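Chemist: For reference, the structure I am asking about is given below.
No lab work stands behind these numbers, since they all come straight from the coordinates. The model shown is predicted, which means the values in this text are computed figures rather than measured ones. Please note: Cβ atoms are built from the backbone with ideal geometry, for glycine as well, and neighbour counts cover all protein chains shown.
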Ligand code: CO8
């Protein structure tokens, strides 16, 4: 379905799906209907046989300025608790097996920063404005920021950022290992993210899914269990057609023509 109010969905390159957050009047503040649309678009890309990598972006001015403060303001504890407020945001990390690249320009604050941190690869512009300002609103990060940001930058920096609500730049994000790459302009960012998505989309689907799965396991498991998990999945890939196709192509000095399974 393309009848979305708050997002734009496209297939800009072969194998690449793009979702652009598009609620410009509120700097892409993540109201519940926007998150519902985002989840729906991600589900469609997940089940699509043609899409192999996904790009999530916003505008040049804002990736997303956070959860919708006006929506949250009157919420009571029992409403938030009983409706599991924010829980559906995690669909992105639990249901999406295909790689997701977040391309961040402008503001990525609060829930916007957390959404970007959920992506598999984060690219940004040097002037992107990241932060967890919830403390200034009398609350705390609620979509994984205290956990994912801490894993990304370490406790010292995460504690300072979350307790002061101070922003950090795209340049810092790259230096601290939050972002994989930093770009000079929004246009270069989108082009770079699309190129990476296209590269990934050109590989074996089963190998890409397995690679994403094992890297994510490193965030949950200790080293010994993580290495064992990786080995099980590595062994399992000898049962895939693509391992045979890839290694045979190498030996024959040909380009691999991956199976469509
Ligand atoms: N929610 C709702 N509306 C927003 C939000 C937001 N997060 N951010 C911006 N807007 C709206 C503004 O209200 C304004 O609307 P209007 O024109 O109707 O007044 C419009 O977007 C444009 O914003 P500004 O005029 O403020 O634009 P500026 O360029 O002057 O400032 C800023 C840009 C610095 C980004 C500023 O808008 C700002 O500080 N926004 C709020 C940032 C923030 O605090 N984000 C964190 C929100 S809390 C959160 O995300 C928690 C997530 C998990 C919650 C878990 C709870 C259980």
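Chemist: May I ask for the distance between the Cα centers of segment 136-168 and segment 205-256, given as a whole number of Å?
Modeler: 33
Chemist: Where the centroid of each part is defined by its Cα atoms, how far is segment 1-66 from segment 77-131 in Å?
Modeler: What the calculation gives is 12 Å, centre to centre.
Chemist: Here is a follow-up. In nm, give the distance between the simple-model label positions of residue 218 and residue 251, each being 7 Å from the Cα along the Cα-to-Cβ direction.
Modeler: 3.0
Chemist: I need the shape label for segment 205-251. Rule: rounded when a/c is under 1.5, else prolate if a/b > b/c, else oblate, with a, b, c from the alpha carbon gyration tensor. Intermediate values should be presented prior to the final figure.
Modeler: Working: a/c = 3.10, a/b = 2.30, b/c = 1.35.
Note, shape of segment 205-251 comes out prolate.
Chemist: Name the shape class, rounded, prolate or oblate, that the alpha-carbon gyration tensor gives for the chain, where a ≥ b ≥ c are the square roots of its eigenvalues, rounded holds for a/c under 1.5, and otherwise prolate holds if a/b is larger than b/c and oblate otherwise.
Modeler: Details: a/c = 1.73, a/b = 1.56, b/c = 1.11.
Prolate is the answer for the chain, as a/c is 1.5 or above and a/b outweighs b/c.
Chemist: Please determine, in degrees from 0 to 90 and to the nearest 10, the orientation of helix 32-47 with respect to the longest principal axis defined by the Cα atoms of the chain, where the helix direction is its Cα long axis.
Modeler: 0
Chemist: Under 10 Å, Cα contacts only: if you run a Gaussian network model on the chain, which one of 85, 250, 183 comes out with the highest mean-square fluctuation?
Modeler: With Cα springs under 10 Å in the chain, the top fluctuation among 85, 250, 183 is at 250.
Chemist: Relative to the longest principal axis of the chain, what angle (0 to 90°, nearest 10) does the C-alpha long axis of helix 186-201 take?
Modeler: Roughly 40 degrees between the two axes.
Chemist: Over the chain, with a Gaussian network built from C-alpha contacts below 10 Å, which listed residue (142, 165, 222) shows the highest mean-square fluctuation?
Modeler: 222
Chemist: Run lengths n ≥ 4 of DSSP H only: what is the helix-derived mean residue ellipticity at 222 nm for the chain, with -39500 (n - 2.57) per run over all residues, to the nearest 500?
Modeler: Numbers: 12 runs with 118 residues, N = 261.
The helix-only estimate for the chain comes to -13000 deg cm²/dmol at 222 nm.
Chemist: Note the angle between two axes, namely the Cα long axis of helix 223-236 and the longest principal axis of the Cα atoms of the chain, as a number of degrees from 0 to 90, rounded to the nearest 10.
Modeler: The answer is roughly 40 degrees.
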